[in-house]
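The values are calculated or read from the model by the stated rules, or taken from the named source; none is laboratory data. Because the structure is a prediction, the values reported are computed rather than measured. Cβ coordinates were reconstructed from backbone atoms using ideal geometry, including for glycine residues, and neighbour counts include every protein chain displayed. Only protein heavy atoms, including side chains, enter the accessible area calculation; ligands, DNA and RNA are left aside. Shrake-Rupley method; radii C 1.70, N 1.55, O 1.52, S 1.80 Å.
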Amino acid sequence: MKIKQGFIKRKIQDKYVVVATGEASKTYRNFIELNQTASVIWDEIKNGKTVDQIAELFVKEYLVTLDKATQDINKIVSVLIKEGIICE
Amino acid sequence: MENIFSIKIADLVFKIKSKFDYVKEFCKDFLTDEPSDFFIETTLEELEQEQGLYSVKYPLKYLETTCVYRHIAQLLPLKNRVVMHGVALKYLDSGFLFIAPSGVGKTTHAKLWQEYLGEKVEIINGDKPILEFSDNGIILHSNPWCGKEGIYKKTTAKLKGICIVSRGENNICQVDFSDSLNSILVQIFMPTKEDVADKTLLLLEKLSSVKIYKLKCNISKNAFLTSYNALTGDKYEN
């Protein structure tokens, strides 16, 4: 799983936005807004982590079960896949 | 047919090597002899790519103007400037920016300002004004790329307020920058180079220093009064 080339994330005040640059901007003209959790997931995917690894990280850092964490991460990942921003 | 000339836009000088005379004619109000900051040259391949963006066939000489615009827009963030889709208007010494998707009625609304305020109002650019983020505040600049209406005036103004326009019963309210981020982001020219796009987003954050409004309006004097009173802080008297 990785973020396709050309997508960048930036914090603008209290929000995180993702925009497409380069080749990616030819097919993706929109932008998306990420919340704090989605932003952390984004960073971990960028670091090469899998959903399971990110879920384990969340269990260590938040009051959350492994099942719930995996479920939440998958939800965000599937949106990003649907948007064509990350590939499996 | 090949032309080399320079234009000054947003206080920056672009030296342009164009294939058609038309580009120079198109930019005639902005020609300069000053030393250049950037050099731009178009290629036939780029003109073909440019054509690919439109469903209607355009003459190559026209496509070259939009191609030059795209080059300029890609370079501007390097000098703390961005292109924004909207109508930039100057009233007395204040600059106001009306933004909305195409067809909502930004130009129509700006024309209401002209109708009721006359020559005190100038449209700096009716489609793609340039915003300069300077130590002195945010400056609105003109350029000849101004959309189908073809309205621009070679002047500048300090940005005092941004108005996000939509249709509806006349009403205006001030909004937080972060609540208006979506509406702003979709109207900004996003460069294709990653570092320049990143710089653009960095610059955009500075828009939080100006007042941002959401305006719902129809086409009437009341629509003008609604935005005028809020944006200028004055009460319109005729």
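Observations on the structure shown:
- The accessible surface of segment B:53-153, taken with every protein chain in place and a 1.4 Å probe, is 49 percent carbon and sulfur.
- Those chymotrypsin sites (Phe, Trp or Tyr not before Pro) in segment B:1-79 that DSSP places in a loop and that have at most 14 other beta carbons within 10 Å: B:54
- Summed side-chain charge close to residue B:10 - residues other than residue B:10 whose Cβ falls under 13 Å, Lys, Arg +1, Asp, Glu -1: +2
- Within-13-Å neighbourhood charge of residue B:97 [Cβ basis; K, R +1; D, E -1]: +4
- Kirkwood hydrodynamic radius over Cα pairs of the protein assembly as shown, then Stokes diffusion coefficient at 10 °C and 1.306 mPa s, in µm²/s: 73 µm²/s
- Segment B:58-187 shape via C-alpha gyration tensor axes, a/c threshold 1.5: rounded
- Sequentially through segment A:33-45, phi angles give Karplus couplings (6.51, -1.76, 1.60; θ = phi - 60°) of 9, 10, 8, 3, 5, 4, 5, 5, 4, 3, 4, 5, 4 Hz, Gly and Pro residues having no value and appearing as x.
- Remark on segment B:189-206: accessible area falls by at least 30 square angstrom from chain-alone to full-complex state for B:190, B:192, B:194, B:198, B:201, B:202, B:205, probe 1.4 angstrom.
- Heavy-atom accessible area ranking, 1.4 Å probe, most first, across B:33, A:14: B:33, A:14
- Protein accessible surface hidden between A and B, which excludes ligands and nucleic acids, total in Å², probe 1.4 Å: 1600 Å²
- Considering all different alpha carbon pairs of chain A, the Kirkwood hydrodynamic radius works out to 13.4 Å.
- Reported value for segment B:123-238: 137 Å³ per residue, from the convex hull of its C-alpha atoms.
- Restriction of the GluC sites (Glu not before Pro) in segment B:164-238 to DSSP coil positions whose beta-carbon has at most 13 other beta-carbons within 10 angstrom yields B:169, B:237.
- Sequence-distant residues sharing a close amide H with residue B:127 (under 5 Å, placed H): B:86, B:88
- Overall form of chain B per C-alpha gyration tensor (a/c, 1.5; a/b vs b/c): prolate
- With at most 14 other Cβ atoms within 10 Å, longest stretch of chain B clear of loop trypsin sites (Lys or Arg not before Pro) (DSSP): B:58-147
- Loop-located chymotrypsin sites (Phe, Trp or Tyr not before Pro) in segment B:196-238 whose Cβ has at most 13 other Cβ within 10 Å (DSSP): B:236
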